[in-house]
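Everything below concerns the one structure shown next.
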Amino acid sequence: MISSIERIILCALGALTVSFAIAPQPAMAHGERATEPYIRTRTIQWYDVKWSTDKIGVNETVAVTGKFHLMSDWPDAVKKPDLVFMSNASPGAVLTRVESYINDMPAQQSLKNLELGRDYTFKLVMKGRIPGRWHLHPMINIHGAGPIVGPGSWVQIDGRAADYRHSVTTIDGTRIEDTQNYGVSRVQMWQIGYILIAVAWLLWWLRRPLLIPRWLATQKGLEELLITRTDDKVAAGFLVLVLLVVIVGYINVKANYPRVVPLQAGSLYTPPLPAAPNLMMVKFNKAEYDVPGRSMRMSIEVTNNASRPVRLGEFLTASLRFVNKTLPMAVAAVDPAYPKELLPSSGIVVDRDSPLAPGETRVIKMDATDGAWEVERLVGFLTNVDSRIGALLFFYDDKGARYITSVAGPILPVFKKTI
Ligand SMILES: [Cu+2]
């Protein structure tokens, strides 16, 4: 007898199953918030990221450009960027990456020995393939650490998927009209061929009595009965067949394609961008995250070694840009197309915000209050083993020159303001 509570639970489960089965579940994001906050706030800081357009047709391109800074306060738990690959994060192969660069150098291959504390430029050229509205991020894969995703923006692709064409001319002049189907039938032929051999081999054994009779035979010491002379001959035949297929296939490919370039056979090196003189000396004092208030507060000591007075214009971490709304040039520096969800509305509130004169040292307290800390799932930095936060600080002088410096230090959860 099913109780009424059980009946309700069963109905609910049934309804849930049906709703999952019939309703298309659009994936609105693809895991960019799942990466641990200590990775997003303390490894790669992406800045000046721009998308050339937010709307393209199938076969048209969108370029994503910008810079990234590798934090000096790199977490111990993340492998150093000794080998990295420039890539993109988007939901599947909806766009084709047709060009990629780091420091204007083609980055089809991996780059090695990136330097902490330094900056690099990047560029991705993506070609529309599948119509739809897709979230497009730059991304760097670090060998041993995994992907680190930059900010994402929505790109609309119009047109018909059937019109997609990507043609290339190879180094020996061979023209490939449609790379998406190139060589697919050959791959399928090899897969089906090997599957046929495997199935034939399985059938040869499966047609005989199987587990229990064979086990009984071994129990009685009659193993010799299980493998006959014919089995030996068939096994030898299969071995010869497979070797023949491999050798003939290899000779055939070498004859048809004498010049092949192995993919990813090496890695490249590019020096980082020239280091700007470190004119803003920033000493980290203290940071706290006010859990009920959703505020990150930080106290730093800044010395202005530049020749003009400066103000703090932006606090950037994990692609979230907290902009000082009282500094017009910092507001103007934000590209209007930058994703709104990554621009917390109240920005950064800086106390003692008057211009810092050349040579002056001052303790500055700042307050970044926004639900974005929770929405972007960044408050996990409080429960990480080392509970640290890192960010880039953008200072501007009265002429609009920008000085970028990084800051990092421990952060504590609080329920009452202490900074
Ligand atoms: Cu995304």
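Since every read-out is calculated from the coordinates, none of them should be taken as a lab result. Just so you know, these numbers come straight off a predicted model, no measurement behind them. Cβ atoms come from the backbone with ideal geometry, glycine included; neighbour counts cover every protein chain shown.
Some notes on this structure:
- Under-5 Å amide H pairs with ASN285, H placed in peptide plane, nonlocal only: SER299, ILE300, GLU301
- Put a dot 7 Å past the Cα of VAL291, heading toward its Cβ, do the same for VAL187, and the two dots end up 5.0 nm apart.
- Whole-Hz couplings from phi, Karplus 6.51/-1.76/1.60, listed for the range 88-99; x for Gly and Pro: 9, 10, 8, x, x, 8, 7, 10, 9, 7, 9, 8
- Reachable aspartates and glutamates, given that their alpha-carbon falls under 13 Å from the alpha-carbon of LYS127 and they are not under 8 places away in the same chain: ASP54, GLU60, GLU99, ASP158, ASP163
- Under a model in which nothing but the beta-carbon of Lys, Arg (+1) and Asp, Glu (-1) is charged, the chain shows a dipole of about 440 debye around its Cα centre.
- Relative contact order, percent, the range 280-414 [alpha-carbon distance under 8 Å, six or more residues apart]: 33 percent
- Measuring between their Cα centroids, the range 126-151 and the range 194-233 lie 50 Å from each other.
- With only the Cα atoms considered, the chain has a convex hull volume of 262 Å³ per residue.
- The range 37-171: relative contact order in percent, alpha carbon pairs under 8 Å with at least 6 residues between: 31 percent
- Amide H partners (placed H, <5 Å) of TRP74, local residues excluded: none
- Springs between Cα atoms under 10 Å define the GNM used for the chain, and in it the highest mean-square fluctuation of ASN59, ASN88, ASN181 occurs at ASN181.
- Aspartates and glutamates whose Cα lies under 14 Å from that of LYS365, excluding same-chain neighbours fewer than 8 positions away: GLU288, GLU301, GLU314, ASP351, ASP353
- Candidates LEU327, LEU279, LEU211, ranked by Gaussian network fluctuation over the chain, Cα under 10 Å, top entry: LEU211
- Cα-projected label distance for VAL385 with ARG118, points at 7 Å along beta-carbon direction, nm: 2.8 nm
- For the chain: relative contact order, % (alpha-carbon pairs under 8 angstrom, 6 or more apart): 16 percent
- Cross-link pairs exceeding 26 Å between alpha carbons, from the set LYS50/LYS325; LYS79/LYS417; LYS67/LYS286; LYS80/LYS325; LYS67/LYS325: LYS79/LYS417; LYS67/LYS286; LYS80/LYS325.
- Taken as Cα centroids, the range 302-326 and the range 355-405 sit 8 Å apart, rounded to the nearest whole angstrom.
- Here the Debye sum runs over all C-alpha atoms of the range 193-256 as equal scatterers in vacuum, and log10 of I(q)/I(0) at q = 0.11, 0.12, 0.23, 0.28 Å⁻¹ comes out as -0.40, -0.45, -1.00, -1.17.
- Selection of trypsin sites (Lys or Arg not before Pro), the range 172-281, meeting DSSP coil and at most 16 other Cβ within 10 Å: ARG207, LYS220, ARG259
- Listed residues PRO81, LEU116, ALA333: farthest to the positive end of the dipole of the chain (Cβ charges): PRO81
- Residue of PRO272, PRO209, PRO309 that the Gaussian network model of the chain assigns the largest fluctuation, springs spanning Cα pairs under 10 Å: PRO209
- Student exercise, the range 280-414 dipole from Lys, Arg, Asp, Glu Cβ charges, in Debye to nearest 20: 220 debye
- Among 151-158, 134-141, sorting by the average number of other beta carbon atoms lying within 10 angstrom of each residue, highest first, gives 134-141, 151-158.
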